[in-house]
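Here the structure is laid out as structure tokens; the discussion comes afterwards.
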Amino acid sequence: MASSADRLPYAADAESPLKEAELAVLRKQYEGEGQFVGVQTKFNYAWGLIKSDKRAEQQLGVRLLTDIFKDYPERRRECVYYLALGHYRLGNYAEARQYNEILLGKEPGNLQAQSLRGLIDDKVAREGLLGVAIIGGVAMVATIVGSAIWKGVAKKR
Amino acid sequence: MDAQSTTAGGTVGEAPASRNPRQGPDGGESLIGHALTAVSGRDVQAFGRTVTATAATLIQPFGDSISATSNHYQHAMTDISKELRKPSIQNRMLGFAQRTPTELVRSKLSTTEIQHRALTFLPEDLLRAIPDQESQYSLFQGFQATLPDPKKSRKPSKKDGQKQITDSDVDSNTSVVEKLTKEREDLAHQLEIYSVRKNMASSEIREIDIKIANLNAMRHIVLERLAKLEQEEAQLEHEILEVDNKIEDIQEDMDSVHLEEGDSDTPSSDTNNGSFMSESVYGKLSNSTFKNPKKHRSKSKSNTNATSFKSPILTRPAGRKSMPILHEHFEPGTRISEYQTHTDSITSLDFDVPFGTMVTAALDDTVRVWDLSSGRCLGMLEGHRASVRCLQVEDNLVATGSVDASIRLWDLSRAETYSGAGNHINKKKKYNGEDADDEETDDGRQSSAISTGVSSAAGLTECAVHCLDSHVDEVTAIYFQGDTLVSGSADKTLRQWDLEKGRCVQTLDVLWAAAQSSIVPGADDSKWRSTGRSADIKADFVGTLQCFDAALACGTADGLVRLWDLRSGQVHRSLVGHTGPVTCLQFDDVHLVTGSLDRSIRIWDLRTGSIFDAYGYDNPITSMQFDARRIVSAAQEPVVKVYDKADGRHWDCGNKEPLEDGKERSIVDQVRMKDGYLVEGRRDGVVGVWAC
């Protein structure tokens, strides 16, 4: 697609939350259409939710997107990207990466997906290092304590 | 570390194979991943090579086993294993199965997170089944298009820009050009958004179309279910009535034995009835007669109770237990069924309820009773010595007016006296014996008509209740309601009858009323003359009439509709307008609708006596009926003309086109409708049933 640059939002778009009133409009529309809600309305609400700062709203957004993915095969390709974004926002980087790679497998030249891949890698590396540092610290303490105990036991013997 | 590396190799190898780390998250997998990030880059390189080897061996057999089913998947796998050899990819692959610690903690410990994961889980096959075709606009574009338009605020600025062009000097030209280019871009963007919106709307319409199609399909299925249910319902009712009949017969057997002890005529059992019936005159009756649910009702009641015989209307049993509603769900204009009822032109027909009982009269001088749900002829009403011109069915009561100047009243519920087995002869004798006094005081002829011993004719003669024959010329119109029956005749009189006593209670002379109105001061004599046509020989003098309580309306050959007060016997209003004989009329509490041979249908306002609405067809109107929603009429065409009052639409019910062999379809002469269930009778004796 020539206009693929416009067709998908960048991850940065997802970082800017909508105003409460704007989200309320989308929610009202979504709830107003009831059982036979249209795909666009559903997506609008889901997208608004994913942009939110609140985790519960983000989760609901991902759920709606999952529904869209299941119900509208013709929308799957873009939906997989929004799912990746949603999971990225939620911090579920494994899923985010998985979905993003699926899209990249289909469209290797997709700029949005490429940038998301970079973002996910960064996040994982940073949080991973942080986690390893913590685990490392815990392990260190454990070793020290353990060795101390061991020494104590040895001394007792 | 060595032991760890082999385990890690296995895990890393699995990750791309399953492409879904969630599917096999054993705690060690992630922990090892973190451990791996801790080792230095050089170690990773070395370690990566061993991992590639392990992964390759793991992938290869796995890919082979899969290859039979999904080819492209195998390609993907080989691609991945190729890419795995690149160091940069290897680095990434190592991180592939990774979860960050916070993620890990959340995914393992928080119930809401676990719940959410379960809800948003997408199975592998769905993820693989991503179709290639793209929609015309992306959802995100749709989202942007639905956002409130920020461009609108810029519209005034556009005008400013235009002003600037006119006002500006040369040196500001460049900035103006810049501004205009920007504006152009904005406008182009706006145009794009509009096209997206357009696409959105059209795709939404398509979605709705699909939904409508689905709903229609569902409706069809449910309609079929409804039809089946009604069939089964009718079947059940039929069975119930059969059982009821058996019970009643047995009871009657016991009763008669009790009442007429030692009567030698009483057959001792049901078993010999078969031969008995076949020898009797009643054997001529088709067996189907006895199967009509409507005719198997509380016979013991009417048999043992003398008063009930005198006034059959009062003791008329309740109608069918279940109410057919199927026709309400058909598309208007759907043909439900078609029967060849007579061999000659149908002169009159009526039915009680949708899928109930229909009575038809034709020029072949027969009156037949039909079961509309099965299409069977239940019998004939015999007694008239000439053809029947008009008839009405109300519940079990049928009134027929004939060219032989008599009116006969029938109670179809009495047909049951013939039913199946039992001591019917005895019963009838009992009738005559017990009721003889009452009957004779009423009318000698009536008792003869009723007494089955005298009337040897086949058919449903048992149903006859009264014969009203005070008219001296053919009866052309009848209408009854409750105990009152009114009739119009070619002898130019209207008569009012008391159905309970079977007597004429009032005679209204139409000619006298016409003369009265013409000599009343103030009445416009010329108007009457101008509307009164020279008598059309073909048209009935009294074409139609209807009464309600003390109000009677009649339409006559002079084109007038007269409203009578039955208490005073006077015409209190004449509706002038039709230029041809009035053939049909019907009124409710507000409107009176009339059809005439002058090809028009007029709707009158009863309160003011003025015309409320009128419309015309190409041919004279011979029959008309209306309900809350539509007016149906027969206008000498092969179709029924329907006027939908709700949306002001005229349409034809039926097929107007000539038959395949080039012959014209037969003309519809008579039409009746109740609750959107329309029955029409044609000149070739065919009756069609339609939903409308």
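The values are calculated or read from the model by the stated rules, or taken from the named source; none is laboratory data. Predicted model, so just to flag it, every value in this text is computed and none were measured. Here Cβ is always computed from backbone atoms with ideal geometry, including for glycine, and neighbour counts include all displayed protein chains. Areas reflect the complete protein model, heavy atoms only, side chains present, ligands, DNA and RNA absent. Shrake-Rupley method; radii C 1.70, N 1.55, O 1.52, S 1.80 Å.
Counting only other chain Cβ atoms within 10 Å of each residue's Cβ, the peptide B:199-207 averages 2.
Note on B:Gln340 and B:Ala201: the extension gain reaches 44.8 nm, defined as 0.36 nm multiplied by sequence separation minus the Cα-Cα distance. As a rough guide to protection, the peptides B:188-198, B:570-580, B:480-490, A:59-69 ranked by mean Cβ packing within 10 Å, highest first, stand as A:59-69, B:480-490, B:570-580, B:188-198. Spacing of the modelled spin labels on B:Glu192 and B:Gln235, each 7 Å from Cα toward Cβ, amounts to 6.5 nm. For the peptide A:127-138, the mean number of other protein chain Cβ atoms found within 10 angstrom of a residue's Cβ is 5.
Using a cutoff of 8 angstrom between alpha carbon atoms and counting only pairs six or more residues apart, the relative contact order for the range A:4-156 works out to 19 percent.
Sort B:247-253, A:147-153, B:656-662 by the packing proxy (mean of other Cβ within 10 Å over each peptide's residues), most packed first.
Values: B:247-253: 16.9, A:147-153: 10.1, B:656-662: 8.4.
Taking the mean over residues of other Cβ atoms within 10 Å, the ranking is B:247-253, A:147-153, B:656-662.
Label-to-label distance, A:Ala56 versus B:Asp613, with points set 7 angstrom from Cα along the beta-carbon direction: 5.6 nm. Each helix, a run of at least 4 DSSP H residues, gives -39500 (n - 2.57); summed and divided by the residues of chain A, these come to -27000 deg cm²/dmol at 222 nm. Estimated from the Cβ-Cβ distance and a Förster radius of 22 angstrom, the FRET efficiency linking B:Gln481 and B:Val505 is about 0.95. Give me the one-decimal nm value for the distance between modelled label points at B:Arg385 and B:Leu659, 7 Å along each residue's Cα-to-Cβ direction. Placing both labels 7 Å along Cα→Cβ, they lie 3.7 nm apart. Once the Cα atoms are used to define both axes, helix A:76-90 deviates from the longest principal axis of chain A by about 40 degrees.
Peptide B:119-129 is shielded by partner chain Cβ atoms: per residue, an average of 5 of them sit within 10 Å of its Cβ. Quick one: of A:Lys19/A:Lys51; A:Lys28/A:Lys70; B:Lys641/B:Lys674, which pairs are farther than 18 Å apart, Cα to Cα? Cα-Cα > 18 Å for A:Lys28/A:Lys70; rest within.
For B:Leu412, A:Leu111, the ranking by accessible surface with the largest value first comes to A:Leu111, B:Leu412, using a 1.4 Å probe. Applying 1/(1 + (r/R0)^6) with r as the Cβ-Cβ distance of B:Asp675 and A:Gln35 and R0 = 35 angstrom yields a FRET efficiency of 0.65.
Would you please put B:678-684, B:372-378, B:584-590 in order of how densely packed they are, using the mean number of other Cβ atoms within 10 angstrom per residue and starting with the highest?
B:678-684, B:372-378, B:584-590
For chain A, modelled as a GNM whose springs connect Cα atoms under 10 angstrom apart, the maximal fluctuation among A:Ala24, A:Ala11, A:Ala133 occurs at A:Ala133.
Applying 0.36 nm per residue to the separation of B:Asp644 and B:Ser374 and subtracting their alpha-carbon distance, the gain on full extension is 94.3 nm.
State the Kirkwood hydrodynamic radius of the range B:168-252 in Å, one decimal place, computed from all pairs of distinct Cα atoms.
On the way: mean 1/r = 0.0499 Å⁻¹.
Final number for the Kirkwood radius of the range B:168-252 is 20.0 Å.
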